[in-house]
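Enquirer: Structure incoming, see below.
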């Protein structure tokens, strides 16, 4: 074990940049520190792209520090331009509020917000929505240089496509969040993705100007897969943490199917396994890495959902991929005789169960030899699935080598 959270975060690959690393490490070793990370309530669930931030707060709390999870009910009214090429969709205040409550409950599964816990949940709508515009410009806005803001990477990216004035205010508001949390909770460390570096540093500068205090920044890497794909994106969309939006079995399979180059990196970042538990897997190569992937999938499914969900997913996967190719435990979809009618295009069936994004994409996958019907490769993209196809029981569909789905007839 480590004697401070900074060393564990570094071992696990959380640290991309930080202000004065030696001073910050010393601070986190000798004192209990209040830190915060912001979550953007633009949806009613987080996805695995938010796991880095969740785990960063988890480790802070584990070492006795005081984590703050900020749910941006105020800033979501504007939208963060960082990493975006166009203006975000504007959401209503009611939708944002409902989303914030939903993801607060979600994060509360991993971070203890109870009276006995050290963590705090806040919503920046509490101090942003009631601001007086003129007073805010006089007191806060005068501390920001437009030239310096335009030099920030998050703004430079948008200058080519057009930066909306409402978005231009985002950095000022995030900096103000840091100031408010310093004043309200003595928060001295803001963490976030590396695309937030400019916004966090702006907050550090504002606190120095307004309060004469020294505070710190720590950013995490923007995690992509070995193929360069954004974390948590699949052909079917985002890998949500909400089990209603993304089933625990599918969640388990997502991690089992990660690239060989990613498995140890993800094990360090996303699980609570100790270095001693991880070490034996680091020497595995080739087919033996399957063991590491299975352990990664089990640990993450147990942490995000439950141990019972992890055990069920593991048993289902063993049944599906073991000898005999049993159907038990696969994700299921039920169709009716009325839906089948005189025949449902096989491309529509694959699209319906989510093994293909659309019928046209299913046709492309058939031409590439990637779709299977009853363990046989589909070659006729015009094939019609009829009720007779269910005469021997449920139908097992497969896309590629590892994605299965069971279709039942009602």
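Enquirer: So for the stretch 84-101 (the condition being in a loop (DSSP other than H, G, I, E, B), at pLDDT 95 or above and within 25 Å of residue 201 (Cα to Cα)), does at least one residue qualify? First the steps, then the outcome.
Expert: So in the stretch 84-101, the residues in a loop (DSSP other than H, G, I, E, B) come out as 84-92.
From what is left, the residues that are at pLDDT 95 or above are none.
Scanning the stretch 84-101 turns up no residue that is in a loop (DSSP other than H, G, I, E, B), at pLDDT 95 or above and within 25 Å of residue 201 (Cα to Cα).
Enquirer: When the residues of the stretch 338-368 are filtered to those that are farther than 25 Å from residue 246 by Cα and either in contact with a strand residue (DSSP E or B) (Cβ under 7 Å, 6 or more places away or on another chain) or not assigned by TED's automatic domain parsing to the domain that holds residue 405 (or both), which remaining residue is surrounded by the fewest Cβ atoms within 10 Å (Cβ to Cβ)?
Expert: Going through the qualifying residues, I end up with 343.
Enquirer: Restricting attention to the stretch 302-332, and to residues there that are more than 16 Å from residue 256 (Cβ to Cβ) and surrounded by 14 or more Cβ atoms within 10 Å (Cβ to Cβ), which single residue is modelled with the lowest pLDDT?
Expert: Per the stated criteria, the residue is 326.
Enquirer: Within the stretch 397-409, is there a residue that is under 22 Å from residue 251 (Cα atoms), in a loop (DSSP other than H, G, I, E, B) and without any contact (Cβ under 8 Å) to a residue 24 or more places away in the chain?
Expert: Yes, the stretch 397-409 contains at least one residue that is under 22 Å from residue 251 (Cα atoms), in a loop (DSSP other than H, G, I, E, B) and without any contact (Cβ under 8 Å) to a residue 24 or more places away in the chain.
Enquirer: Of (1) outside any helix (DSSP H, G or I); (2) closer than 30 Å to residue 291 by Cα; (3) in contact with a strand residue (DSSP E or B) (Cβ under 9 Å, 6 or more places away or on another chain), residue 227 satisfies all except one. Which?
Expert: (3)
Enquirer: Check whether at least one residue in the stretch 31-46 is in a helix (DSSP H, G or I) and touching a helix residue (DSSP H, G or I) at 6+ places or on another chain (Cβ under 9 Å), and report yes or no.
Expert: Within the stretch 31-46, the first condition is being in a helix (DSSP H, G or I), and the residues that meet it are none.
Among the residues of the stretch 31-46, not one is in a helix (DSSP H, G or I) and touching a helix residue (DSSP H, G or I) at 6+ places or on another chain (Cβ under 9 Å), which makes the answer no.
Enquirer: Checking residue 263 against (1) free of Cβ contacts under 8 Å to residues at least 40 places away in the same chain; (2) surrounded by fewer than 14 Cβ atoms within 10 Å (Cβ to Cβ), only one condition comes out false. Which one?
Expert: (2)
Enquirer: Here is a follow-up. With the structure loaded, tell me whether residue 378 is modelled with pLDDT of 90 or more and more than 23 Å from residue 312 (Cβ to Cβ) or whether it fails that test.
Expert: Numbers: modelled with pLDDT of 90 or more: no; more than 23 Å from residue 312 (Cβ to Cβ): yes.
So residue 378 does not fit the description; no.
Enquirer: Let me spell it out: the conditions are (1) over 21 Å from the mean Cα position of the chain (by Cα); (2) buried (at least 17 other Cβ atoms within 10 Å of the Cβ); (3) modelled with pLDDT under 95, and residue 19 meets all of them except one. Which number is the exception?
Expert: Evaluating residue 19 over (1) over 21 Å from the mean Cα position of the chain (by Cα); (2) buried (at least 17 other Cβ atoms within 10 Å of the Cβ); (3) modelled with pLDDT under 95 leaves (3) as the failure.
Enquirer: Are any of the residues in the stretch 71-84 surrounded by fewer than 16 Cβ atoms within 10 Å (Cβ to Cβ) and touching a residue at least 60 places away in the same chain (Cβ under 8 Å)? Write out each step before concluding.
Expert: Of the stretch 71-84, the ones surrounded by fewer than 16 Cβ atoms within 10 Å (Cβ to Cβ) are 83-84.
Filter again for touching a residue at least 60 places away in the same chain (Cβ under 8 Å), leaving 83-84.
Yes.
Enquirer: Among the residues that make up the stretch 284-298, is at least one of them crowded, with 19+ Cβ neighbours inside 10 Å and closer than 18 Å to residue 49 by Cβ? Can you show your working first?
Expert: The initial filter retains those residues of the stretch 284-298 that are crowded, with 19+ Cβ neighbours inside 10 Å, namely 292-293, 295-298.
Remaining after also requiring closer than 18 Å to residue 49 by Cβ: 296-297.
Yes: the stretch 284-298 contains one or more residues that are crowded, with 19+ Cβ neighbours inside 10 Å and closer than 18 Å to residue 49 by Cβ.
The values are calculated or read from the model by the stated rules, or taken from the named source; none is laboratory data. Since the model is a prediction, treat every value here as computed from it, not as a measurement. Neighbour counts are summed over all protein chains in view; Cβ atoms, including those assigned to glycine, are modelled from backbone coordinates with ideal geometry.
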